[in-house]
1. Averaging over all projection directions, find the projected area of the Cα convex hull of chain B and quote it in nm² with one decimal place.
2. Find how many whole Å separate the alpha carbon centroid of region A:82-132 from the alpha carbon centroid of region A:482-519.
3. Please average, across the residues of A:381-387, the number of beta carbons from any other chain that are within 10 Å of each residue's own beta carbon, and give a whole number.
4. Can you figure out the FRET efficiency of A:L59 with B:E44, using R₀ = 60 Å and their beta-carbon distance, to the nearest 0.05?
5. Residues of A:220-229, mean number of Cβ from any other protein chain within 10 Å of their own Cβ, rounded to a whole number?
6. With heavy atoms of protein chains only and a 1.4 Å probe, what residues of region A:34-75 have at least 50 Å² less accessible area in the full set of chains than alone?
7. Sorted by accessible area with a 1.4 angstrom probe, largest first, how do B:T342, A:T403, A:T248, A:T82 fall?
8. Using protein chains only and a probe of 1.4 angstrom, how many square angstrom of A:V183 are accessible, to the nearest 10?
Amino acid sequence: MSVTKRGGLSAITPLSGLACVLCIVPMLSLLTVALRGDAELWPHLLRFVLPYALRDTLLLAAGVVIVAGAIGTALASLVSFTEFPGRRYVSALALLPLAFPIYLHAFVYVELLDSAGPVQQALRDVVRLPEIRSLAGAIAIFSLVLYPYVYVTLRLAFAGQHSGLGEVARTLGCTPWQAFRRVQLPAARPAFAAGISLALMEALADFGASEYLGVRTIAYSVYSTWVTRGSLPAAAQIALLLVAAVATLAFIEHVARRRAAFSQKSNRVTPSRRIALNGTKAAAAALFVWGILALAFFVPAVFLAWTAAGTLSTVRLLEDFLYPLATTLALAVAAAAFIAVLATGAGYYQRWHHRSFMARLLNLCGMGYAIPGVVLALGALFAYTTFDNLLDRISRSVTGYSTGLVLSGTALVLIFAYAARFFAVGFGPVSARFHQINRSQDQVALTLGQGPPSINRWVLLPQITATLAAAWLLLLVDIVKELPITLLLRPIGIETLATSLYGHASRGQFEDGSLAALAILGSGVAAVAILQQLIYRPEQPLRASPGIRKVWYAITRP
Amino acid sequence: MRMTIPAAAALIAMTAAAPALAADGQVNVYTYREPALIEPIFAEFTEESGIKVNVIFAKDGLEQKILAEGQNSPADMLLTTDIARLREAADIGIAQPVASDILKQAIPEQLRDPGGNWFALTMRARVVYASKERVKDTAITYEDLADPKWKGKICIRSGQHIYNNALFAAYLGKHGEAETETWIIGIKNNLAQKPSGGDRDVAKDIAAGVCDIGLGNTYYVGLMSNGNDEQKGWAGAINVILPTFKDGGTHVNVSGAVIAKHAPNKDNAVKLLEWLAGDKAQQLYATANYEYPVRAGIETAPVVAGFGELKPDVMPMAEIAENKKKAAEIVDRVAFDEGPGT
């Protein structure tokens, strides 16, 4: 057991262990499915399926890295370091697109922009717009929904950066732009990596929206290999190869980053002074950010609201709206808290035991985010039903009493599966934040006689609370809009906003689900509004006892 | 964490809220059919029989779910579309045979499993949507779709979608692998754009002038005709032609049900199945979802009746299901989903 000097038995190791188990178990169960099959289908897949899928995947991924990365970085930098008209509002609104499920965004834009949509119909004698159901369309839509991951991690990183970083560079002769490009931006690289990898993994795991847009990625191959080519083992094999590829990429980035240190000597974080942009530059900046916000959020949101308004007279308020809303919120709040706690435990564990096996394993845990949700759901389903049936068999033979399915069909399994899917969303920001906190703080506290539990509580926790809350909210937003896992694993009779929307949309009666869609958006917007408050507030020490305060001062004011 | 207490409370509340799974007066249905469609039907059933229907609706994976849950599975019935799925349920051993004279009388022989493992409840035809403005043909065969006269004029959703997959599998049963491959290449060369979207988008694209004809299921036309103004516009822009195979009828697929092998409420499930094949439910399927009832003597919805008389092809459903995998491989081989000119 790790940390017991003061404060008794630490919960950190068990929490990390639980995180590992919950994340790895569905993947292991997929592995057993994969091993059940032979390679009979592979010559066909290699020749006729995967080359196209790989091409579409790489193009989509590259597009998302470039476009979402550029938008997220540009917005975070402009909002953090410059002053332009409406900056405060932008800062508050830039996260909102995160509230959109990708499939919803795709659906709205196809409605608006395809050849029979209002825009093309209005312009048909003037110009023919490029087809929205295309690779370029998919990149645009994915990037508009996913850039906030980059934006939020960079904002947090910039807010946590020592203001001296830019100032020193400038006294050394850099222009503000050079200081930003050469010092402040590179210093935020772990945060960028964390943000873009979340965006990327979500893009890789999607197949509903991309297939609808005519882009068939590896995730779609996994799905179609299961459903139409009729081989679940082969589908599991492809899914695991996808995970292996993502893990390799993550490992390469990890190695590349290891040579550089990103933590800071001091924790005196006064926000950098923002540079006021002048006339043309200010106008250009404002035009750019407001344009992005309009495309990413306002246009589709207004469209949804308009559609929903048309259904108000026919909608069943209780069944179609209030009941799913309450269920969704209860589920999302609980699951997000659970995953945030796991992520915190894991973050602490990695800090204290960064060379241990489990610390390395934790890095692998986030890979569930790159597996198509329905495949991960199957993995979780197999694992937990196996457990239940084993328990049942043992109980029958020992006591003669059947336990039935203990876990399966309860909300608990759903939450466990969410943990496997979304661990990265909680762990990414927390882990990036821990990297930012200089280890010398721990060492100074240790030399001052503090044990790890008290360091965790009084030195580290105050510095990660805002990040933790941010992670919780990101998780909340993701869980509210999650569809495939919820569909397959929810208890009988439970309807969430996303499943309710899907129920209508799958029959093509999208309008009847638009109120639920709006509620998904609303929940996301509420979460994002709180999230936004956190980014403004740099991490502050909590109330501390005098002894602890002494340690704190020793660390922060050397 | 302070959040964990309310979280745990919510969790317990939700777990406790799950209904008792094996109980008198209940039946548990796993279904791929949309809630808005089946809820009214189940509500009628509950009113008549007093049996409450608990439903799980999902998009995929319910067969695997029942299989994994094993003998502890709460599932009594799997209600699904697509013949291949019904067959798979029987093949992987999650169905149990039902011997019911009521079902035998209600459902024609070719629409149920000889072994009693699965029963079709409705049919849907895969038909040609044709532009009212630009297409003068009133009859067409599936074979004609590969005719170069349609070059650049056909819209279709992904060739791997189960609706197209089943049609291609039926074609394969008629013409063999080599001819089917040539035919699918022919259709691919006739496409106006890369396959994407759904059947509704096909109607929409025809309305917008992107293409002249396309393939879609019959009930979408009914749904669009009774949808909002925009959808009415799409439905109004197309004629439905019931195509046939050269020496055969129109390709139909089915929706249907199996009774789960370990059904804890088997009697109630059989009652429900018999009820679904009865007059009232069959009429609801026909009028609310514009499907073709399997039971004789039930009228189709007026909009569906307007398509003309349906002459379903006689190929056994089982044969279509068997060809499914091969059809999927041909679609891969000719890179159908890459679209025209590739």
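The values are calculated or read from the model by the stated rules, or taken from the named source; none is laboratory data. Treat the numbers as computed from the prediction; the structure is a model and nothing was measured. FYI the Cβ positions are ideal-geometry reconstructions off the backbone, even for glycines, and counts take in every protein chain you see. Surface areas here come from the heavy atoms of the whole protein model, side chains and all, with no ligands, DNA or RNA. Shrake-Rupley method; radii C 1.70, N 1.55, O 1.52, S 1.80 Å.
1. On the way: hull surface 81.1 nm².
For chain B, the mean projected area of the Cα convex hull comes to 20.3 nm².
2. 23
3. Values: counts 6, 4, 1, 2, 8, 2, 0.
Mean partner-chain Cβ count within 10 Å for A:381-387: 3.
4. Efficiency, from the Cβ-Cβ distance: 0.75.
5. 6
6. A:H44, A:F48, A:Y52
7. Largest accessible area first, the list is B:T342, A:T248, A:T403, A:T82.
8. That residue has around 40 Å² of solvent-accessible surface.
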